[in-house]
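In what follows, a structure is listed as structure tokens, so that the remarks can point back to it.
The values are calculated or read from the model by the stated rules, or taken from the named source; none is laboratory data. The structure presented is a predicted model; accordingly, all values stated were derived computationally and were not measured. Don't worry about glycine lacking a Cβ; one is built from the backbone with ideal geometry, like all the others, and counts go over all protein chains shown. Just the protein is used for accessible areas: all its heavy atoms, side chains included, with ligands, DNA and RNA removed. Shrake-Rupley method; radii C 1.70, N 1.55, O 1.52, S 1.80 Å.
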Amino acid sequence: MSKIKKAVLAYSGGLDTSIIIPWLKENYGCEVIAVAADVGQGKELDGLIDKAIKTGASKCYIEDLREEFVDEYVIPTMKAGAVYEGSYLLGTSFARPIIAKRIVEIAKREGADAICHGCTGKGNDQVRFELAIKAFAPELKIIAPWREWDLKSREEEIAYAEARNIPLTITRETNYSKDMNLWHLSHEGLDLEDPGNEPNYDKILELGVTPEKAPDTPTYIDIAFEKGVPVALNGKKMKALDIIYELNKVGGANGIGIVDLVENRLVGMKSRGVYETPGGTILYKAHEFLETLCLDRDTHHYKAQAAIRFAELVYFGQWYTPLREALSAFVDSTQERVTGHVKLKLYKGNIVNAGMWSEYSLYDEEIATFDEDEVYDQADSAGFINLFGLPIKVRAMLDKKREEK
């Protein structure tokens, strides 16, 4: 192992990073500075500084990144309509770039010569962290213990921690791999590794309840947007960050945003996980409804294609790339008139459109009506169909001539 004097560790206080502090000191003999990024983990951050110092870190930073996280990463992704493989709202994916960026800033300030993370060699997060580090500090060494140490499982990690009296908040029976932020909570591992097992929702859910346990009466909410950005909830002006917190509460209570999926990881394997994204699911749906009112057909259709690529870039850790920046510029252009408000009915896991309004609406009731109108001559459609269908007609006529010969 190369000589390292000072390493900055992306620290969460979970199983992996809890044992990495002593492991770095034992194997590299270096000073370790822990950095925990607050992207909405809540109580998970309680006592983290004390724990890091007691397990060998010389310092521990806790950086509040929540507002920047929402405004610069979450909302741009939501405006793009980016959903990975049709189901995953990218909760873990877009949190990694901002965390890595701040860790690099602290590493430079502290004069560190290495950055360490606790991502496994099987996962996507190693790519997301390291691509961001390369974007801002290509000169720094990256240490990934899972690619170096002899520990082969989370069971062995727990044993390693117990041997060094490192306090853990999990046991062998509750040893799910989780990731939480203000946008979502993910669950992987244990019985979930078998796609044939139905998740024990009563055991794992933390942000809400199942649809079966949701109220028997619907909940109505109203979300207002300006240029695609949520700005008010139920008529009250709020920051996007606070809107997400409130939507998490009401969404969780109504069984919204629970997804059980098998996804294709960037590294090539499939993985199974359960995701809770109550507020995010509501926000995506409200924004999607409003776009149907405000975007013209061609822009709407092309944006849907771009959303697939945008989601891949976020999932693959390519946030700090020219293509992602270019796609964001395109998305921002499409959002210039996505202003208005949407009323939603939440009921037992369902999100139902209950009305939407926009000063930039492209819907004209006078043209669309089935009743008599004076602005549209239905006879005009015959000429349009003749021209639109001309290639089909010509092909059929020529095929008939060839058959006759």
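Listing for the model above:
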| read-out | value |
| --- | --- |
| For ARG109: the one exception among (1) open to solvent by 40 Å² or more (accessible area, probe 1.4 Å); (2) modelled with pLDDT under 95 | (2) |
| Residues satisfying the stated conditions in the stretch 280-293, i.e. of a type in the set (A, V, I, L, M, F, W, C) and open to solvent by less than 10 Å² (accessible area, probe 1.4 Å) | ILE282, LEU283, ALA286, LEU290 |
| Filter result (open to solvent by 30 Å² or more (accessible area, probe 1.4 Å) and polar (S, T, N, Q)) within the stretch 1-29 | SER2, SER12, ASN27 |
| Yes/no for LYS122 being touching a residue at least 60 places away in the same chain (Cβ under 8 Å), in a loop (DSSP other than H, G, I, E, B) and among the basic types (Lys, Arg) | yes |
| Where LYS203 falls short, out of the listed (1) open to solvent by 40 Å² or more (accessible area, probe 1.4 Å); (2) closer than 30 Å to ILE75 by Cβ; (3) under 24 Å from the mean Cα position of the chain (by Cα) | (2) |
| Criterion violated by GLU198 - all others in (1) within 30 Å of GLU155 (Cα to Cα); (2) under 22 Å from the mean Cα position of the chain (by Cα); (3) open to solvent by 50 Å² or more (accessible area, probe 1.4 Å) satisfied | (2) |
| Single residue of the stretch 348-372 satisfying the filter (acidic (Asp, Glu) and not in a helix (DSSP H, G or I)) that is farthest from VAL259 (Cα to Cα) | GLU372 |
| For TRP319: the one exception among (1) of a type in the set (A, V, I, L, M, F, W, C); (2) farther than 18 Å from TYR73 by Cα; (3) open to solvent by less than 40 Å² (accessible area, probe 1.4 Å) | (2) |
| Residue in the stretch 88-102 that is surrounded by fewer than 20 Cβ atoms within 10 Å (Cβ to Cβ), among the hydrophobic types (A, V, I, L, M, F, W, C) and within 30 Å of PHE330 (Cβ to Cβ) present | no |
| Condition broken by ILE62, with the remaining ones in (1) assigned to a strand (DSSP E or B); (2) surrounded by 18 or more Cβ atoms within 10 Å (Cβ to Cβ) satisfied | (2) |
| Whichever residue in the stretch 30-48 is more than 21 Å from THR92 (Cβ to Cβ) and modelled with pLDDT of 95 or more and, among such residues, is surrounded by the most Cβ atoms within 10 Å (Cβ to Cβ) | VAL32 |
| Single residue of the stretch 244-256 satisfying the filter (in contact (Cβ under 8 Å) with a residue 40 or more places away in the chain and open to solvent by 10 Å² or more (accessible area, probe 1.4 Å)) that is nearest to ILE75 (Cα to Cα) | TYR245 |
| Residue ranges of strands (runs of 3 or more DSSP E) in the stretch 125-191 with at least 1 members open to solvent by 60 Å² or more (accessible area, probe 1.4 Å) and in contact with a helix residue (DSSP H, G or I) (Cβ under 7 Å, 6 or more places away or on another chain) | none |
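Matching residues to (1) touching a Gly at 6+ places or on another chain (Cβ under 8 Å); (2) in contact (Cβ under 8 Å) with a residue 12 or more places away in the chain; (3) closer than 27 Å to LEU241 by Cα:
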position	(1), (2), (3)
GLY81	no, yes, yes
GLU85	no, yes, yes
GLY91	yes, yes, yes
ILE98	no, yes, yes
ILE106	no, yes, yes
ILE115	no, yes, no
ILE142	no, yes, no
